[in-house]
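Just so it is clear, none of the values below were taken in a lab; they were calculated from the coordinates. The structure presented is a predicted model; accordingly, all values stated were derived computationally and were not measured. Here the Cβ positions follow ideal geometry from the backbone for every residue, glycine too, while neighbour counts run over all protein chains shown.
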Amino acid sequence: MIGREVNKIVYSINKDLENNNDREKWIGRIFNSKKYGDFIVLGVHGLGYQNKKLYICKFINTGYETLSTGGNIKKQELKDCLFPTVYNIGKIGYIKNPQLHEQYERWIRMLQRCYDEEYHKIEVSYKDVVVDERWHRFDYFVDDVPKIKGYKELKQYNNINFEIDKDIFAVNNSNKIYTLEQCCFVPKEINNLFRRTPNTNTSGYMGVSYNKNINKYKVALGKKYLGVYKSAEEAFKIYCEYKYNILIKMLNKYDFLLPSIKIASLQKMKEYYIESLK
């Protein structure tokens, strides 16, 4: 789902600014950048600081177009914003000063969960998760964010910490991709309830740990102690029921959420925990 070049900047050639030196020295010639490969100079666009000519440069591998002075062309200082610089897959695209954009950190964290090998050592459940190809580009992600379910609530209640979730609307826990159709914005408190069993949990069940001194299984949700039980399955059932009730309380707390998100959240909690024990 690549989509159209909605953010592409169209630079026009100004023939009136061209002279013989431009045609002999710059226009039509291929140059190399330090980090991003070869580019070709297409023509003169206009005048920049101190009336220095700005040349339209197009990177051969990606098609990214940018402006540069002759001095920067010589220094090989041009940057290709369609080159994958974020975890070797994310591309900035046609957005200036992306680090200042309100969605930048959210985009970075999403890519990190999917493509950072160091992160996978801690959160192994994300090893097989990917980001939709369209969202490899930050400018496309920015275009799509207002279309994500729950965006209106995110903007309206900006004092609440919202996160982007890919699982709530997934069927049979099968979603392994961040994409517009599957994602929604939910408060972090709710999103945390859907975290899966950590790799370090030797009992095999989230919230359940074995106590060899009493030969029983202890149950806890965060700092909340829920008792000890003879079997891991029994302990996990208590954990699930408690967590399900917490979700109901949270959905009442965040009563402004879309009905579709509330319904999907309850169904997903049953799918994750309750129904697996029947």
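Once you've got the Cα coordinates, tell me which of Lys52/Lys79; Lys75/Lys96; Lys152/Lys253; Lys25/Lys91; Lys188/Lys253 are over 24 Å apart. Among Lys52/Lys79; Lys75/Lys96; Lys152/Lys253; Lys25/Lys91; Lys188/Lys253, the Cα-Cα distance tops 24 Å for Lys25/Lys91. Under 20 Å from a label point set 7 Å out along the Cα-to-Cβ vector of Gln50, the amide N atoms of the stretch 57-87 belong to 67-78.
Ranked by how many other Cβ atoms sit within 10 Å of their own Cβ, fewest first, the residues Ser12, Ser260, Ser68, Ser203 fall in the order Ser12, Ser260, Ser203, Ser68.
The modelled label-to-label distance between Ser125 and Lys188, using points 7 Å beyond Cα along the C-beta direction, is 1.7 nm.
Proximity of backbone amide H atoms, modeled 1.01 Å from N, is registered between Gly90 and Thr85 at under 5 Å, excluding neighbours fewer than 5 places apart on the same chain. Measuring max minus min along each principal axis, the C-alpha atoms of the stretch 15-75 give extents of 29, 21, 17 Å (largest first).
Taking 0.36 nm per residue of separation and subtracting the Cα-Cα distance, what length does fully extending Glu105 through Asn20 add?
Values: separation 85, 0.36 × 85 = 30.60 nm, distance 4.66 nm.
Taking 0.36 nm per residue and subtracting the Cα distance, the gain is 25.9 nm.
When the chymotrypsin sites (Phe, Trp or Tyr not before Pro) in the stretch 218-278 are filtered for DSSP coil states and for at most 13 other beta-carbon atoms within 10 Å of their beta-carbon, the remaining sites are Phe256.
May I ask you to sort Asp128, Asp167, Asp255 by Cβ crowding, counting other Cβ atoms within 10 Å and putting the fewest first?
Working: Asp128 10, Asp167 22, Asp255 7.
In order of increasing Cβ crowding within 10 Å: Asp255, Asp128, Asp167.
If the segment from Asn211 to Leu258 were pulled out straight at 0.36 nm per residue, it would be longer than the present Cα-Cα gap by 12.7 nm. Only DSSP H runs of four or more residues enter the estimate; each adds -39500 (n - 2.57), and after division by the residues of the chain the mean residue ellipticity at 222 nm equals -8000 deg cm²/dmol. Hydrophobic, long helices, defined as DSSP H runs whose alpha-carbon span along the helix axis is 20 Å or greater and whose mean Kyte-Doolittle value is at least -0.5, occur in the chain at 232-253. Roughly what % antiparallel, to the nearest 5, for the DSSP beta bridges in the chain? Around 90 percent of the beta bridges assigned by DSSP in the chain are antiparallel ones.
Summarising the amide proton neighbourhood of Tyr178: residues at separation of 5 or more, or on other chains, whose placed amide H is nearer than 5 Å comprise Val130, Val131, Asp132.
Here each label is just a point 7 Å from Cα along the line to Cβ, and for Leu42 and Lys155 those points are 3.2 nm apart.
Scan the stretch 29-133 for chymotrypsin sites (Phe, Trp or Tyr not before Pro) in coil per DSSP, keeping those whose Cβ has at most 15 other Cβ atoms within 10 Å, and list them by number.
Values: sites: Phe31, Tyr36, Phe39, Tyr49, Tyr55, Phe59, Tyr64, Tyr87, Tyr94, Tyr104, Trp107, Tyr115, Tyr119, Tyr126; in loops: Tyr36, Tyr64, Tyr87, Tyr94.
Taking the stretch 29-133 and a limit of 15 other Cβ atoms within 10 Å, no loop chymotrypsin sites (Phe, Trp or Tyr not before Pro) are found.
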